[in-house]
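The values are calculated or read from the model by the stated rules, or taken from the named source; none is laboratory data. Just so you know, these numbers come straight off a predicted model, no measurement behind them. Please note: Cβ atoms are built from the backbone with ideal geometry, for glycine as well, and neighbour counts cover all protein chains shown. Heavy atoms of the whole protein, side chains included, go into the accessibility calculation; ligands, DNA and RNA do not. Shrake-Rupley method; radii C 1.70, N 1.55, O 1.52, S 1.80 Å.
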Amino acid sequence: MRIGISHKFTMGFIIVVASIVGLNLLVPLLGLDQYWWHQLFSVTGALLVGLVMGALFSRIFTNNIRILREAAERISSGDLSQTVRLSETLFPDETYDLGQSLNKVNDNLRRLVGSVRESSRRVADSAKGLSATAEEMTASSHDLSNTVEQISRGAENQADTIEKTTRLIREMAMNTELVASSAHKVSEAVDLSVQTAQQGGETARQTMERMMQILSDVEKSGAQVVTFGARVQKIGKIVEVINNVAQKTNLLALNATIEAARAGEYGRGFAVVAEEIRKLADSTTESAGEISSLISQIQEEGQGVERSLRSSIDEMAAGKKAIDLTSTAFAEIIDTALNTQVKATSIAELSQRQIEGANEMVAAVDEISQVVSDNAAATQEGSAATQQQSAAMEEMAHAAQDLATYAENLLEQVKRFRLENSTTAD
Amino acid sequence: MEQVLIFRLGGEWFGLEISRIQEIVEEPRLDYVPRSPDWLTGAMNLHGSIIPVLDLALYLGIATMAPPGRVVVLAPVVAILAIGVSDVYRIVRFAPETFLPSAEEDNRRHHIAALYEYEGLVINMLDVVSLSASLQSI
């Protein structure tokens, strides 16, 4: 049952007054005759009751106020670990209300400080983590920046290399065009060679035909010369016979002259006839000798003709062989030239394809060059962005450090609040 | 005028009067005569008579290129003998007074009676009597 302090005071007065009154009523029952005893007893009894009641009341009240003051002092010093605990009573008053209120304040403060401490701890942790992350990111962005710079330098080198490559490919294409035009020229030259070789082969065949004609003519002439020689030899034999006859005739004439001489005067006419016969025989012998010398001249010349015919035949055989070789050589030249033509044509085609490939390569390399310059530009942009990012990161790291410092300060501030007995060591 | 047969022995020209000649034969068949000197070429058969043939050039020591080509058969009144000569030329008429005397040495060794000039040729007139005598003396 709640009784206010004012009521308690009132009730105390009433109890004191009632006790005075009661004692005055009780004294006569005690048999005390004298008045003054009477009065003394009553006064003393009243004083005792007043004293006891006052002492009891003020003791309880003072005790409660002390407890409340101590609690308030604890709270103000930051100790929020204890609740206000007033001694149990049947009649709670305003001190109890005050204790309840202090407990509420204490609880609220404890929750607030706990949440502040928790939050500041978390903020500090987060700030540390943030700072570490920012540092890592700064390092990473430095690395990234370095890498981007390397990429940028690499891109420049790449651009140079691509330029060189393009130049080389263009030179290659030009050389290939030279090769192609040379191959065309070779092909044309081979055409001419084939024509010339075919004409040469035709000429060689015609020459061969004429030579065969001449050879058969020469062989015929040779046969005629041999026949002529044989006839001349027959004439020679006939002349030999004539010569023999003439010599015999001469001998007969000589013998006839000898006979005529032996006959003396009768043989004189006969001797004249014999002389005439001898002269005939002499002139026959002379003519036969001339014919013989003519025949030997003819035979010599015939042999010369035969020899020259034979050597002509030999030379013609050699010529035939040479023409055969020439024909074969022309055929081989034609074969080789045709092969060369096929090869030259294929070289020209290959060169054409190579030129096309080189042009495509040039286009591709141009595209690569474009991509590389784009890359270089993008890399430079990336480098700038990375540098900006790096600066931002550094700022963020600074901010995170500041934040951590603030959180530390806050934590330090709320550290003086003791929330629990077990955590008083914090 | 004397008719003389001009004949040749190797490179030398000789002459012989035709009154001392029986006949001129062209390369007769010769039979070998055993144990005869080398200048006796052989023996020939002329109309049934056997006549020895003398290689005159060999006998006189005159160098020849070929064996005798003609045989001159001497008249039987002179000697039974035929002489092989290189060739016979012709029969000419000489006046004996145009003969030139031969050297005594030639006469003794080569049986040359006299010399005669005919158409630029020196003709040695053969002395068949001396020749025959020298043969018989062997």
Residue pairs within 6 Å by beta carbon, gap of at least six or interchain, first lying in region A:124-141 and closer than 19 Å to residue A:408 by Cα, second among the aliphatic types (A, V, I, L, M) and open to solvent by 80 Å² or more (accessible area, probe 1.4 Å), listed first then second, are none
request  = Please tell me if residue A:136 is at pLDDT 85 or above and either of a type in the set (Asp, Glu) or on the phi > 0 side of the Ramachandran plot (or both).
outcome  = no
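One line per residue, one yes/no per condition, for (1) in contact (Cβ under 8 Å) with a residue 12 or more places away in the chain; (2) open to solvent by 50 Å² or more (accessible area, probe 1.4 Å):
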| position | (1), (2) |
| --- | --- |
| A:285 | yes, no |
| A:293 | no, yes |
| A:314 | no, yes |
| A:320 | yes, yes |
Of the conditions (1) in contact (Cβ under 8 Å) with a residue 40 or more places away in the chain; (2) away from chain A (no Cβ under 14 Å); (3) not small (Gly, Ala, Ser), the single one that residue B:21 does not satisfy is (2)
Those residues of region A:37-52 that are under 15 Å from residue A:18 (Cβ atoms), touching a Leu at 6+ places or on another chain (Cβ under 7 Å) and without any contact (Cβ under 8 Å) to a residue 24 or more places away in the chain come to a total of 1
Filtering region A:220-277 down to residues that are without any contact (Cβ under 8 Å) to a residue 24 or more places away in the chain and among the small types (Gly, Ala, Ser) yields A:223, A:230, A:256, A:260, A:261, A:263, A:264, A:267, A:269, A:271, A:274
Out of (1) in contact (Cβ under 8 Å) with a residue 24 or more places away in the chain; (2) touching a Gly at 6+ places or on another chain (Cβ under 9 Å); (3) closer than 30 Å to residue A:8 by Cα; (4) among the β-branched types (Val, Ile, Thr), the one residue A:84 does not meet is (1)
Checked region A:360-407 for anything among the β-branched types (Val, Ile, Thr) and either farther than 30 Å from residue A:173 by Cα or touching a residue at least 24 places away in the same chain (Cβ under 8 Å) (or both); matches are A:362, A:365, A:368, A:372, A:379, A:386, A:405
Of the residues in region B:67-97 that are within 11 Å of chain A (Cβ to nearest Cβ) and of a type in the set (D, E, K, R), the one that is surrounded by the most Cβ atoms within 10 Å (Cβ to Cβ) is B:70
Within region A:1-49, restricting to residues that are among the polar types (S, T, N, Q) and surrounded by 12 or more Cβ atoms within 10 Å (Cβ to Cβ), the one that is farthest from residue A:88 (Cα to Cα) is A:39
Counting only residues in region A:364-393 that are within 19 Å of the chain's Cα centre (by Cα) and open to solvent by 50 Å² or more (accessible area, probe 1.4 Å), the one nearest to residue A:138 (Cα to Cα) is identified as A:375
Out of (1) open to solvent by 60 Å² or more (accessible area, probe 1.4 Å); (2) closer than 26 Å to residue A:249 by Cβ; (3) modelled with pLDDT of 85 or more, the one residue B:61 does not meet is (2)
Exactly one of B:123, B:62, B:91 is among the β-branched types (Val, Ile, Thr) and free of Cβ contacts under 8 Å to residues at least 60 places away in the same chain, and that one is B:62
> Is at least one residue of region B:41-54 within 14 Å of another protein chain (Cβ to nearest Cβ), modelled with pLDDT of 90 or more and under 16 Å from the mean Cα position of the chain (by Cα)?
Replying inline: no
